[in-house]
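K.L.:
Let me give you the structure first, and then I'll get to my questions.
The values are calculated or read from the model by the stated rules, or taken from the named source; none is laboratory data. On a predicted model such as this, the values are computed, not experimentally measured, just so you know. Cβ placement follows ideal geometry from the backbone for every residue including glycine, while neighbour counts extend to all protein chains displayed. Only protein heavy atoms, including side chains, enter the accessible area calculation; ligands, DNA and RNA are left aside. Shrake-Rupley method; radii C 1.70, N 1.55, O 1.52, S 1.80 Å.
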Amino acid sequence: MRTHRIAGAAVAAALLAGTALAPSALAAPPAATATAQSAVPFTSAGAVRAADGGHTLSWASPAASVAVTAVTSPDATTGVALGTAPGTGSLAVPAGTLPEAGRWYFRLVPDGGTPLVVADRSMGLTSARNFRDIGGYRTTDGHWVRSGLVYRSNKLNSLTDAEQQRLVSQRLTLDVDLRNAQERHDDPDRLPAGVRYQVADVVSLSHGIRFHDSALMTLAEAIAAGLFSGSSDLGQSIGYPFMVNFVGADYAFHDLVTAVATNNSGATVFHCSAGKDRTGWGTAVLLTLLGVPRATVEADFLASNQYTGDPEAVELSWLRAAFAEADQIYGDFDTYVREGLKLDAATVAALRAKLLTG
């Protein structure tokens with residue numbers, strides 16, 4: 001069990017009384033269409049890569065049969081034909097079946113309806129173990145989040161030449177860094193040539209020290225909630241609500257979502273240091289905006305425990321505290337998006353059009 005600790009930065013910020021904003025009302029994001037339920041017939045699908053390089057694919061759909069093709073790009077329509085299986089089934093791809101590639105995607109083509117592309121989420125980077133795709137999730141209305149367009153990660157200061165080349169093969173063109181100035185100075189990102197670098201500092205004071213709600217009240221409630229839930233790290237129990245309450249964080253997550261929505265030249269990666277807290281909330285915001293169910297959002301968040309190799313890297317109570325803070329301040333998540341993050345309907349629509357199938 002870790003020693004309970006309170007992050008110094010969170011406490012320092014919390015002890016400074018801030019003034020609440022009075023954001024202008026923005027148009028509500030349009031509801032996602034329901035056409036994908038019939039267009040993309042899969043109700044579940046996924047790919048898991050084994051340590052030896054083999055893959056196991058599984059899916060469920062009302063189709064009679066599904067043809068499977070391995071491709072090296074999520075946009076490719078031709079590749080290595082792997083066979084046909086029932087509409088609900090699985091397929092093993094043994095190691096050695098496919099040649100070496102930056103990343104293999106699997107195109108599932110039903111006998112009726114739109115194909116779906118899946119891939120193992122991990123990029124398998126030794127120096128950035130939490131580098132993984134946020135795609136491949138099904139939304140509540142039957143859309144799917146496209147793979148190969150947006151990645152989340154831990155810090156990227158130690159990428160090898162080979163790892164950089166793997167990212168180049170996946171058309172990575174934008175890196176959004178959520179870390180603070182000291183972190184960026186100590187461990188600067190090591191990026192392939194041609195990748196644009198953007199800072200979206202979650203704890204930046206460039207917009208002042210302001211809060212939407214009483215900082216002292218948020219601090220007290222976070223400590224109480226952390227103690228009640230048995231949190232192993234009170235600093236994190238405090239930090240998550242402040243990612244919603246602190247005005248500076250609004251600017252960072254606004255810039256993150258906008259960057260993802262408007263990067264039309266290739267794939268985007270965003271990250272902090274461990275790729276689990278600031279990156280975890282940023283991913284939760286993006287997936288929720290896309291209509292991914294809360295249970296799936298939570299599962300993606302908890303997956304950091306697997307990818308980092310630390311079973312206590314994150315706790316579900318931390319993420320739920322951030323969602324609860326959004327509800328407490330704004331009434332619901334959509335209002336947080338409009339009035340807190342100040343994301344307009346056009347940006348949200350662009351995000352959905354880019355990242356959702358159907």
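K.L.:
Looking at (1) buried (at least 16 other Cβ atoms within 10 Å of the Cβ); (2) farther than 25 Å from Thr279 by Cα; (3) out of contact with any Phe, Trp or Tyr (no Cβ under 9 Å at 6 or more places or on another chain), find the lone condition where Val40 falls short.
P.N.:
Status for Val40: all satisfied but (3).
K.L.:
Checking the structure you have, find out if any residue of the range 4-21 is out of contact with any Ser or Thr (no Cβ under 7 Å at 6 or more places or on another chain) and modelled with pLDDT of 95 or more.
P.N.:
No.
K.L.:
Between a first residue in the range 92-104 that is among the small types (Gly, Ala, Ser) and a second residue that is part of a loop (DSSP other than H, G, I, E, B), which pairs have beta carbons less than 6 Å apart while being 6 or more apart in sequence or on different chains?
P.N.:
Sorted first by the residue in the range 92-104, then by its partner, the pairs are Ala95/Asp52; Ala95/Gly53; Ala95/Gly54; Ala101/Thr72; Gly102/Gln170.
K.L.:
Quick check on the range 98-107. Is at least one of its residues at pLDDT below 95, over 26 Å from Ala353 (Cβ atoms) and of a type in the set (D, E, K, R)?
P.N.:
Yes: one or more hits.
K.L.:
Among the residues of the range 272-289, how many are open to solvent by less than 10 Å² (accessible area, probe 1.4 Å) and touching a Phe, Trp or Tyr at 6+ places or on another chain (Cβ under 8 Å)?
P.N.:
Of the residues in the range 272-289, 9 are open to solvent by less than 10 Å² (accessible area, probe 1.4 Å) and touching a Phe, Trp or Tyr at 6+ places or on another chain (Cβ under 8 Å).
K.L.:
Of everything in the range 226-246, what is more than 15 Å from Ile329 (Cβ to Cβ), in a helix (DSSP H, G or I) and of a type outside the set (Val, Ile, Thr)? Give them in sequence order. Quick ask: steps written out before the conclusion?
P.N.:
Going residue by residue through the range 226-246, those that are more than 15 Å from Ile329 (Cβ to Cβ) are 226-239.
From what is left, the residues that are in a helix (DSSP H, G or I) are 226-229, 234-239.
Within the range 226-246, Gly226, Leu227, Phe228, Ser229, Leu234, Gly235, Gln236, Ser237, Gly239 qualify.
K.L.:
What are the pairs with Cβ atoms under 6 angstrom where one residue, in the range 169-191, is closer than 25 Å to Ser206 by Cα and the other, located anywhere, is at pLDDT 95 or above and in a helix (DSSP H, G or I)? Sequence gap at least six, or different chains.
P.N.:
Filtered contacts from the range 169-191: Val176/Leu256; Val176/Ala259; Leu178/Arg278.
K.L.:
On to the next question. Would you check if there is a residue in the range 144-164 being aromatic (Phe, Trp, Tyr), at negative phi, outside any strand (DSSP E or B) and out of contact with any Phe, Trp or Tyr (no Cβ under 6 Å at 6 or more places or on another chain)? Can you show your working first?
P.N.:
Step one: of the range 144-164, the residues aromatic (Phe, Trp, Tyr) are 144, 151.
Right, trim to at negative phi and you get 144, 151.
Narrowing the set further to residues that are outside any strand (DSSP E or B) leaves none.
Looking through the range 144-164, none of the residues is aromatic (Phe, Trp, Tyr), at negative phi, outside any strand (DSSP E or B) and out of contact with any Phe, Trp or Tyr (no Cβ under 6 Å at 6 or more places or on another chain).
K.L.:
Since Tyr197 meets every condition but one in (1) surrounded by fewer than 14 Cβ atoms within 10 Å (Cβ to Cβ); (2) under 17 Å from the mean Cα position of the chain (by Cα), which condition does it not meet?
P.N.:
(2)
K.L.:
Does the range 218-227 contain any residue that is over 19 Å from Arg352 (Cα atoms), of a type in the set (Ser, Thr, Tyr), open to solvent by less than 10 Å² (accessible area, probe 1.4 Å) and touching a Cys at 6+ places or on another chain (Cβ under 8 Å)?
P.N.:
No.
K.L.:
What number of residues within the range 206-223 satisfy the criterion of being touching a residue at least 40 places away in the same chain (Cβ under 8 Å), assigned to a helix (DSSP H, G or I) and not hydrophobic (A, V, I, L, M, F, W, C)?
P.N.:
Total satisfying the criteria: 1.
K.L.:
What number of residues in the range 292-302 are surrounded by 19 or more Cβ atoms within 10 Å (Cβ to Cβ) and either in contact (Cβ under 8 Å) with a residue 40 or more places away in the chain or among the small types (Gly, Ala, Ser) (or both)?
P.N.:
Adding up the residues that qualify gives 2.
K.L.:
Turning to a different aspect of this structure: Could you check Phe242 against (1) modelled with pLDDT of 95 or more; (2) within 21 Å of the chain's Cα centre (by Cα) and say which number it fails?
P.N.:
All conditions pass for Phe242, except number (1).
K.L.:
Take Gly112 and tell me if it is at pLDDT below 95 and in contact with a Pro (Cβ under 9 Å, 6 or more places away or on another chain). Steps first, please.
P.N.:
Working: at pLDDT below 95: yes; in contact with a Pro (Cβ under 9 Å, 6 or more places away or on another chain): yes.
Spelling it out, Gly112 is indeed at pLDDT below 95 and in contact with a Pro (Cβ under 9 Å, 6 or more places away or on another chain).
K.L.:
Let me ask something else. Could you list, in sequence order, the residues of the range 200-217 that are over 25 Å from Arg184 (Cα atoms) and either open to solvent by less than 40 Å² (accessible area, probe 1.4 Å) or modelled with pLDDT of 95 or more (or both)?
P.N.:
Kept after step one, since they are over 25 Å from Arg184 (Cα atoms), are these residues of the range 200-217: 212-217.
Selection gives His212, Ala215.
K.L.:
May I pose another question? Which ones in the range 304-329 are open to solvent by 20 Å² or more (accessible area, probe 1.4 Å) and in contact (Cβ under 8 Å) with a residue 40 or more places away in the chain?
P.N.:
Across the range 304-329, the qualifying residues are Tyr307, Thr308, Gly309, Glu312, Glu315, Ser317, Ala321, Ala324, Gln328, Ile329.
K.L.:
If you go through the range 134-163, how many residues are open to solvent by less than 30 Å² (accessible area, probe 1.4 Å) and not hydroxyl-bearing (Ser, Thr, Tyr)?
P.N.:
Residues in the range 134-163 being open to solvent by less than 30 Å² (accessible area, probe 1.4 Å) and not hydroxyl-bearing (Ser, Thr, Tyr): 15 in total.
K.L.:
Looking at the range 249-270, is at least one residue touching a strand residue (DSSP E or B) at 6+ places or on another chain (Cβ under 7 Å), crowded, with 18+ Cβ neighbours inside 10 Å and of a type in the set (S, T, N, Q)?
P.N.:
yes
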